[in-house]
Amino acid sequence: MAKRGVTVLSSELWKNALELFPGGVNSPVRAAVKPFPFYTKEGRGAFLITEDGRKLIDFVLGYGPLILGHSPPRVKEKVIEQIEKGWLYGTPSRAEVELARKITSHMHSIEKIRFVNSGTEATMNAIRLARGFTKREKIIKFDGNYHGAHDYVLASAGSAATEFSVPDSDGIPKDVLKTVIVCPYNQLECVEKHLKNEDVAAVIVEPIMGNMGVIPANQSFLEGLRELTRTYNTLLIFDEVITGFRVGLEGAQGYYTVYPDLTTLGKIIGGGFPIGAFGGKREIMENLTPSGKVFNAGTFNANPISMVAGIATIEELEKGKAYEIANKAVKEISEELDKAPLDHVVNSVKSMFQIFFGVKSVENADDARKANKEKYIEFQKALLDRGVFFPPSQFESVFTSSAHTEEVVNETLDKIRKVLSEMR
Ligand SMILES: *Cc1c(COP(=O)(O)O)cnc(C)c1O
């Protein structure tokens, strides 16, 4: 490594990183920026400043959490205030009560909540709770939905002939997968068949898919899931780790007016600091330790920094202006993309969108897989060369924030036009 004070470029940091980390990174998608990832030195508003001195318009936003952009003043102030008072107590603190009040006041299906440290922990614990509560073992998930990085959710649909789910990772015991059924998104037949024939503890679903690009659920699909799960006494879990407080204060459940038994949250509710949460009906949540027998614990659960950052973020969102700006940015950008002469479709909801080339509609994971991913990467690279950072994978969402103002959007539109005209 170069000495302190000497400029170290991304290329040099990357050389070190390749020696130190598997694949050079600490979360795989970060390595998808080619030929090597740029290293970020600073995040300000809608911009990332790289170690190489570039200023990029950021549409990745930490993969979702930063709905107010980078280091928004109110959140920063609250975090600094909290740091002055200490950052880990190992006891309850006022901030956890305040954040829980805020969340439950907006999301009425959540009567009680537990704070954890990541979306992964949230879905892992929500599934354990559903199993403990129903005394059943199986769960149903949907092809292409992402619920984090633990064993019970790293499964995709196998071939239709066998109907066995296949692991998304090595190292997952076969017996774990025997409890996980994978059905196609936006389709009820598979769900109904399995609910009828097997004892299923829970159906877990992203009400708007945000991890296969953006794929909104059809209204009738979510309504159907609600009805079917009621009929078969199975819990319905909405994974709102992305959509919670992104598509509105009531999340996707408010957007669709379909309410689950349990909800998982993360990302935005921590204001950019590590967080996860799961909550729902009182009589279900009471089964959690210490009031019940389903175990959950965590040294950093409800840590005060994430709590105050979350409160400050939601307070800002309650004013409405942030949503207005972020949603307008998506509207204008997707309208511009719609004009592209190439075959493509843009899927968007509120402040999240994605473009798929070479296909006319994308309603499930199979449709998304048929899109021209190489074309998307060509588009993404050309944008990055011009200073606009879109996610380096077809299967991530493009996000906007309240820092994506008129001026930033106009600059983006200008660059998109140039890139598209060269791509023809
Ligand atoms: C990001 C995400 C997760 C996992 O959250 P982490 O904090 O990365 O563990 C789970 N579910 C959904 C829908 C997500 O988008």
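The values are calculated or read from the model by the stated rules, or taken from the named source; none is laboratory data. Remember, it's a predicted structure, so these values are computed and weren't measured experimentally. Here the Cβ positions follow ideal geometry from the backbone for every residue, glycine too, while neighbour counts run over all protein chains shown. Side chains are part of the model used for accessible areas, which takes the heavy atoms of the whole protein and leaves out ligands, DNA and RNA. Shrake-Rupley method; radii C 1.70, N 1.55, O 1.52, S 1.80 Å.
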>> With the structure loaded, tell me whether residue 233 is assigned to a loop (DSSP other than H, G, I, E, B), open to solvent by 10 Å² or more (accessible area, probe 1.4 Å), in the same structural domain as residue 147 (by TED's automatic domain parsing) and away from the ligand (no atom under 12 Å from the Cβ) or whether it fails that test.
In response: yes
> Does residue 319 satisfy being within 16 Å of the ligand (Cβ to nearest atom) and either hydrophobic (A, V, I, L, M, F, W, C) or open to solvent by 10 Å² or more (accessible area, probe 1.4 Å) (or both)?
Replying inline: no
> Scanning segment 8-32 for residues that are open to solvent by 30 Å² or more (accessible area, probe 1.4 Å) and in contact with a helix residue (DSSP H, G or I) (Cβ under 7 Å, 6 or more places away or on another chain), which turns out nearest to residue 394 (Cα to Cα)?
Replying inline: 23
> Out of 51, 98, 42, which single residue is within 14 Å of residue 271 (Cβ to Cβ) and over 20 Å from the mean Cα position of the chain (by Cα)?
Replying inline: 98
>> So in segment 262-284, with the set limited to residues that are over 24 Å from residue 87 (Cα atoms) and open to solvent by 10 Å² or more (accessible area, probe 1.4 Å), which one is nearest to the ligand (Cβ to nearest atom)?
In response: 281
>> Against the definition (within 14 Å of the ligand (Cβ to nearest atom), surrounded by 24 or more Cβ atoms within 10 Å (Cβ to Cβ), more than 24 Å from residue 154 (Cα to Cα) and β-branched (Val, Ile, Thr)), how does residue 247 come out, yes or no?
In response: yes
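Return the only residue of 242, 208 being open to solvent by less than 10 Å² (accessible area, probe 1.4 Å), on the phi < 0 side of the Ramachandran plot and within 16 Å of the ligand (Cβ to nearest atom).
Just a single option satisfies the conditions, and that option is 208.
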> Quick one: which of 224, 254 is assigned by TED's automatic domain parsing to the domain that holds residue 122, touching a residue at least 40 places away in the same chain (Cβ under 8 Å) and in a helix (DSSP H, G or I)?
Replying inline: 254
>> Criterion first (within 15 Å of the ligand (Cβ to nearest atom), open to solvent by less than 50 Å² (accessible area, probe 1.4 Å), touching a Lys or Arg at 6+ places or on another chain (Cβ under 9 Å) and not in a helix (DSSP H, G or I)) does residue 65 satisfy it?
In response: yes
